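Working notes, beginning with the structure itself.
The values are calculated or read from the model by the stated rules, or taken from the named source; none is laboratory data. Small disclaimer: the values here were computed from a predicted structure and weren't measured. We place every Cβ from the backbone using ideal geometry, glycine too, and count neighbours over all the protein chains shown. Just the protein is used for accessible areas: all its heavy atoms, side chains included, with ligands, DNA and RNA removed. Shrake-Rupley method; radii C 1.70, N 1.55, O 1.52, S 1.80 Å.
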Amino acid sequence: DSANHREILDKYAGVGSEAMAVEAVYSEYNRLQKELAELEAMAEKSASEEDYLSYVLKELEQLNPQVGEETELAVKRSKLMNADKIIGGISAANDSLSGGKIVNIITRAQGLLFDAAKAEPKLQQVIEALERASIEVEEASATLEGILSGIDNGGESLENIEERLFALRGAARKYRITSEELPEYLESIRQKLDAIRNKEIRFSEVAKKLILSKDKFVQEAKKLTEKRKRVASEFENKLVSELAPLKMENTRFQVNIEELPESGWSRYGVDKISFLASTNPGMPFAPLIKIASGGELSRFMLAMKVVLSSIKSVPTLIFDEVDTGIGGAVADSVGRRMELLGKTFQVLAVTHHPQVAARSSFHLKIAKEVLNSTTVTRVEELNGEQKRQEVARMLAGEVITNEALAAANRLMELV
């Protein structure tokens, strides 16, 4: 998959610092590109939009909504509505107490009882109680007067408050927001108008920054490209040297680094990297996927992983019959390379070659058999002696000879 080739080369080249520098400057370059595009799009529709925004701004500035105003007005409205009821009740009560009507009645009663109290001493207590009642009535009237004079509506009438609430809620419905969002919406309109009115200045500023950012990106990308090119030939040579023992000695390999047009630039730089190969003499270079068979691709992967063995990019490698179509010496080379990779990765290999199986550190024998007319797969873990027997069987067939056992011993002693 050519989408992985850049990552493979970069890991081998160790371009961490260069790649980080390119990614950082590209991020700024890309951001400025988007901002400039937005300013260009804004310029196209700014004429008609400016008229509309100016109208909205004028209307909202005249309304002058304040943060939390609707809530405050609603509280005042509730108080004023209740205040009318309170004032009415207090006024009526005060009217009944005012003018000295009740006090006069109490005073008259006291006068009537005064002479009788001389004959009946207990009536003196009644006279004193009436005196206290007269004082309480006067104090209650004074308190009601004080409450009435203390009720203050802040100079705002209920009618004015309701008109203000109606205006705020009407504007909110018009612009499809809540009344509480009106101040924030007003500020956003101001900012949009400022951006439109100052678009030429901002456009010029962003364009200048974009030129500088582009130059910086090209500089950093060039450093990254140069390092990739310096390492590419070394990577090619190492891979070809690994392919030769794998019965691919006529294979040529090339890392193709192609400079992309500006539209293809990315946070990875300006390069398109692809691996090309020629597996037969006289044949031109072509993408791996088009010229290599399944077994050849597996051997390419094996060789590449050996070259990249110092870079543990994944925890597990799986090779499914990578040794198909090769002989004993090549199979031995495959086995030795898998053993090498096994020191860094977990390597799972499906193989029919004893030269490969002998080098494993863990051996599973897989066989099919028929039980009750049903085919099943049996997987069996082999210990040391069982593995030796199995390697010998792979060498000799079903009948294990002494020569096969001796050969199995030699193979396993190489591990």
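Take residue 329 and tell me if it is open to solvent by less than 30 Å² (accessible area, probe 1.4 Å) and assigned to a helix (DSSP H, G or I). No. Among the residues in the stretch 6-21, are any closer than 14 Å to residue 189 by Cα and basic (Lys, Arg)? No - not one qualifying residue is present in the stretch 6-21.
Taking the criterion of being open to solvent by less than 10 Å² (accessible area, probe 1.4 Å) and part of a loop (DSSP other than H, G, I, E, B), the residues of the stretch 317-326 that qualify are 322, 323. In the set (1) modelled with pLDDT under 90; (2) open to solvent by 30 Å² or more (accessible area, probe 1.4 Å); (3) of a type outside the set (Phe, Trp, Tyr), the condition left unmet by residue 374 is number (1). Summed over the stretch 165-210, residues that are surrounded by 16 or more Cβ atoms within 10 Å (Cβ to Cβ), among the polar types (S, T, N, Q) and within 31 Å of the chain's Cα centre (by Cα) total 0. What number of residues within the stretch 395-415 are within 29 Å of residue 344 (Cα to Cα) and open to solvent by less than 100 Å² (accessible area, probe 1.4 Å)? Qualifying residue count for the region: 7.
Does residue 63 fit the bill of being at pLDDT 75 or above, touching a Leu at 6+ places or on another chain (Cβ under 6 Å) and more than 30 Å from residue 132 (Cβ to Cβ)? Answer is no for this residue. For the stretch 252-272, the criterion of a residue being out of contact with any helix residue (DSSP H, G or I) (no Cβ under 8 Å at 6 or more places or on another chain), more than 30 Å from residue 214 (Cα to Cα), of a type in the set (Lys, Arg) and open to solvent by 20 Å² or more (accessible area, probe 1.4 Å) is satisfied by no position. Residue check: residue 392 meets all listed conditions (1) touching a helix residue (DSSP H, G or I) at 6+ places or on another chain (Cβ under 6 Å); (2) open to solvent by less than 50 Å² (accessible area, probe 1.4 Å); (3) closer than 18 Å to residue 324 by Cα but one, namely (3).
Residues checked against (1) open to solvent by 50 Å² or more (accessible area, probe 1.4 Å); (2) part of a helix (DSSP H, G or I); (3) touching a Cys at 6+ places or on another chain (Cβ under 6 Å):
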{"site": "31", "(1), (2), (3)": "yes, yes, no"}
{"site": "36", "(1), (2), (3)": "no, yes, no"}
{"site": "53", "(1), (2), (3)": "no, yes, no"}
{"site": "65", "(1), (2), (3)": "no, no, no"}
{"site": "95", "(1), (2), (3)": "yes, yes, no"}
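Give the number of residues within the stretch 235-258 that are more than 15 Å from residue 322 (Cα to Cα), of a type in the set (Lys, Arg) and in contact (Cβ under 8 Å) with a residue 40 or more places away in the chain. Selection size over the stretch 235-258: 1. Listed here are the helices (runs of 4 or more DSSP H) enclosed by the stretch 119-201 that have at least 1 residues being closer than 30 Å to residue 55 by Cα and among the hydroxyl-bearing types (Ser, Thr, Tyr): 182-197.
Scanning the stretch 277-289 for residues being more than 14 Å from residue 4 (Cβ to Cβ) and open to solvent by less than 30 Å² (accessible area, probe 1.4 Å) gives a total of 4.
Under the condition of being closer than 15 Å to residue 308 by Cβ and either open to solvent by 20 Å² or more (accessible area, probe 1.4 Å) or without any contact (Cβ under 8 Å) to a residue 24 or more places away in the chain (or both), the residues counted in the stretch 339-348 number 5.
When you scan the stretch 351-371, how many residues do you find that are part of a strand (DSSP E or B) and either open to solvent by 70 Å² or more (accessible area, probe 1.4 Å) or among the charged types (D, E, K, R) (or both)?
7
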